[in-house]
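Q: Structure incoming, see below.
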Amino acid sequence: EYEVTITSNPSAECEILSFGIDFTEGVINQEEKSIKIEVPYGTALEQAIPEWTISDFAQMVKVPERLEYLQPLSYTVRAENGTEQKYTVIIAETPAATGNSRLSFSYGSIAGEFSETKPYIRLKVPYGTDLTKLKPVITASLFAKVVPNSGEAVDFSQGPVEYTVTSQAGESKT
């Protein structure tokens, strides 16, 4: 007959194993006890809720009152045995996209002809097409906005129409 005795000491582990904000994962440096995370441009930190994974049996005992960009934010993890470890989190924002190029311009199956170096687009439509309410489809650089909007009815009967492409950073090109 055998008797088994299991003795365990409270865990001393108190690490942040993962840290993220709005589907963006931070980079954890366990030696420095630091976390760096770069969230997408325009992330509203006042509405963001950070998520983390910590060591088994540990507790997150201190979190900042609010999230701020480029400020050291302190998080403290307490192990089961009472040992505490402080982590410093720095949140950065990805710079705004600067692309403001026209990538395509079409009406139905007709593609517009243009060059990034020339300020016009040439679109040849069939004779009899109603030019007062054409709805061209325009694609532009990622995160850029086009005015008039892609697919919006535009009156081309009076001559050329000016389109403006504005990057996420606010740089415009006509």
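The values are calculated or read from the model by the stated rules, or taken from the named source; none is laboratory data. As the structure is a computational prediction, the values presented were derived from the model and not from experiment. Because the Cβ atoms are built from the backbone with ideal geometry, glycine has one as well, and the counts that use them run over all protein chains shown. Just so you know, the surface numbers come from the protein's heavy atoms only, side chains and all, with ligands and any DNA or RNA stripped out. Shrake-Rupley method; radii C 1.70, N 1.55, O 1.52, S 1.80 Å.
Q: Dipole of segment 11-166, Cα-centred, from +1 at each Lys and Arg C-beta and -1 at each Asp and Glu C-beta, to the nearest 20 debye?
A: In debye, rounded to 20, segment 11-166 gives about 880.
Q: Post the alpha-carbon centroid distance, segment 136-174 to segment 1-50, in whole angstrom.
A: 44
Q: Turning to a different aspect of this structure: Need one number: % antiparallel among DSSP beta bridges in segment 5-115, to the nearest 5.
A: Working: 21 of 28 bridges.
Around 75 percent of the beta bridges assigned by DSSP in segment 5-115 are antiparallel ones.
Q: Among all lysine pairs in the chain that are eight or more places apart or on different chains, how many have alpha carbons less than 19 angstrom apart?
A: Going through the chain pair by pair, I get 10.
Q: Longest span of the chain, sites excluded, free of GluC sites (Glu not before Pro) in DSSP loop with at most 11 other C-beta atoms within 10 Å?
A: 66-115
Q: Report the longest stretch of the chain that contains none of the trypsin sites (Lys or Arg not before Pro) sitting in a DSSP loop with at most 11 other Cβ atoms within 10 Å.
A: Numbers: sites that count: ARG66, LYS124.
The reported range is 1-65.
Q: Let me ask something else. How large is ³J(HN,Hα), in whole Hz, for each residue of segment 15-29 in order, when computed from phi with the Karplus curve 6.51 cos²θ - 1.76 cosθ + 1.60 and θ = phi - 60°, using x for Gly and Pro?
A: 10, 8, 8, 8, 8, x, 9, 6, 6, 10, 8, x, 9, 9, 10
Q: Still on this structure, please answer the following. In segment 33-174, what percentage of the DSSP-assigned beta bridges are antiparallel, given to the nearest 5? Mind showing how you got there, number by number?
A: Numbers: 23 of 30 bridges.
Antiparallel bridges: around 75 percent, rounded to the nearest 5.
Q: What FRET efficiency would be calculated for the residue pair THR88, ASN9, taking the C-beta separation as r and a Förster radius of 30 Å, to the nearest 0.05?
A: On the way: r = 29 Å, r/R0 = 0.96.
Taking R0 as 30 Å, the efficiency between THR88 and ASN9 is 0.55.
Q: Next question. The chain: percent of C-alpha pairs farther apart than 25 Å?
A: Working: 8628 of 15051 pairs.
Cα-Cα pairs of the chain separated by over 25 Å account for 57 percent.
Q: Given a 1.4 Å probe, how much area per residue of the chain is accessible, in Å²?
A: Details: 11940 Å² over 174 residues.
Heavy-atom accessible area per residue stands at 69 Å².
Q: Still on this structure: Could you give the nm distance between label points at SER172 and GLU38, where each point is 7 Å from its Cα heading toward the beta carbon?
A: 2.9
Q: Give the Cα extents of segment 95-174 along the principal axes, in whole Å, largest first.
A: For segment 95-174, the Cα extents along the three principal axes come out at 47, 21, 21 Å.
Q: What is the Cα radius of gyration of segment 53-142 over 2.2 N^0.38 Å, N being its residue count? Could you put the intermediate results ahead of the total?
A: Numbers: Rg = 27.7 Å, N = 90, 2.2 N^0.38 = 12.2 Å.
Against the empirical 2.2 N^0.38 Å value, I get 2.27 for segment 53-142.
Q: Under 8 Å for C-alpha pairs, at least 6 residues apart: give me the relative contact order for the chain, rounded to a whole percent. Present the calculation step by step, with values, prior to reporting the outcome.
A: Working: 343 pairs, mean separation 30.3, N = 174.
Here the relative contact order equals 17 percent.
Q: What's the longest piece of the chain with no exposed chymotrypsin sites (Phe, Trp or Tyr not before Pro), counting a site as exposed if DSSP puts it in a loop and it has at most 11 other beta carbons within 10 Å? Show your work: numbers first, answer last.
A: Details: sites that count: TYR2, PHE23, TYR120, TYR127.
With a cap of 11 other Cβ atoms within 10 Å, the longest stretch comes to 24-119.
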